[in-house]
Amino acid sequence: MRNESSKEHWDKVYTTKGPQEVSWTQDTPTTSLEMIHALPLSKDASIIDIGGGDSSLVDHLLDKGFYNLTVLDISIKALEKAQKRLGEKANQVKWIVSDITHFEPKTQYDLWHDRAAFHFLTGSQQIEKYISTIKKSVTGYLVLSTFSTSGPLKCSGLPIIQYNEQTLSTLVRPDFEKINCKQIDHITPFDTVQNFLFCSFKRKY
C-alpha cells in the first residue's frame, strides 16, 4: 500500500465510522495503563503514543498527572476527534500527523507506547525503519502491542503481521530487554474476540 493510500484509508475510517463501529475501541485501555504504571516513570516523563488515533490513553495519562505527552497518528481526522474530546486539555498534548515510517523524532522519549499500529507494517523495510527509529529515540521503555499468533490476520480490511513473545523480543534486541509479556483477549464493540500480545521492554544500551 502506498503511503498516500494508507493515509486516505485511515482518514476515511475515522471520518465515516464512530467508536462503536471499529474493532479497536476500548472504553478504558486497561492493559496499556497497567503496563505503563508498572514502570518507574516520573510525571514529567516524555511519553509518545504511536498510532494513538482517538484512543483515550492520553486522557487517562493526563488524569494521572503526566504532562509531557505526544500522540502520533497517520490520520489527522483521528487526532481531531481526540482533540475535540479533550477540549482545552488538548492544548497540553503535542499532536503529530505522520506516517510512522517517515517519522524523524526531534526529541528522545522515556516511553514509546504502541497498541496495534506496528503490526500494520508488513514490509521488511517498514519494519526496519520502525525499529531503527525506536533505537535512535527511546532512552527508557517500550510498551508494544500487536495481534498475537492466535489473533486475526487482518484489521480494518488490511493485512497485519502476527507476533509472539520471541519474535517481538528478537526485533528490539540487543538494545532492549524484555520486562513482561502477556496475551489479552480484547472484546470488540461487536462482541468478537481478538487476542493481543502486550510486551514491555527496558533500554539496555
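The values are calculated or read from the model by the stated rules, or taken from the named source; none is laboratory data. Only a predicted model underlies this, so the values are computations on that prediction, with no experimental measurement involved. Please note: Cβ atoms are built from the backbone with ideal geometry, for glycine as well, and neighbour counts cover all protein chains shown.
Residues are listed down the side, and each one gets a yes or a no for (1) among the aromatic types (Phe, Trp, Tyr); (2) within 25 Å of Asp27 (Cβ to Cβ); (3) touching a residue at least 24 places away in the same chain (Cβ under 8 Å):
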position	(1), (2), (3)
Asp44	no, no, yes
Gly65	no, yes, no
Ala78	no, yes, yes
Ser124	no, no, no
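Pro159 fulfils the conditions (1) surrounded by fewer than 17 Cβ atoms within 10 Å (Cβ to Cβ); (2) over 24 Å from Asp185 (Cα atoms); (3) of a type outside the set (A, V, I, L, M); (4) free of Cβ contacts under 8 Å to residues at least 40 places away in the same chain except for a single criterion, (2). Hey, any hits in the stretch 165-177 for a residue that's in contact with a strand residue (DSSP E or B) (Cβ under 7 Å, 6 or more places away or on another chain), more than 24 Å from Leu72 (Cβ to Cβ) and either at pLDDT 95 or above or among the small types (Gly, Ala, Ser) (or both)? Within the stretch 165-177 (the criterion being in contact with a strand residue (DSSP E or B) (Cβ under 7 Å, 6 or more places away or on another chain), more than 24 Å from Leu72 (Cβ to Cβ) and either at pLDDT 95 or above or among the small types (Gly, Ala, Ser) (or both)), the answer is yes, since at least one residue qualifies.
Within the stretch 36-50, the set of residues being in contact with a Lys or Arg (Cβ under 9 Å, 6 or more places away or on another chain) and either surrounded by fewer than 22 Cβ atoms within 10 Å (Cβ to Cβ) or among the polar types (S, T, N, Q) (or both) comprises His37, Leu39, Lys43. The residue of the stretch 94-121 that is surrounded by the fewest Cβ atoms within 10 Å (Cβ to Cβ), among those that are in a loop (DSSP other than H, G, I, E, B) and within 16 Å of the chain's Cα centre (by Cα), is Ser98. Which count do you get for residues in the stretch 137-156 that are crowded, with 21+ Cβ neighbours inside 10 Å and either assigned to a strand (DSSP E or B) or free of Cβ contacts under 8 Å to residues at least 40 places away in the same chain (or both)? The qualifying residues number 9.
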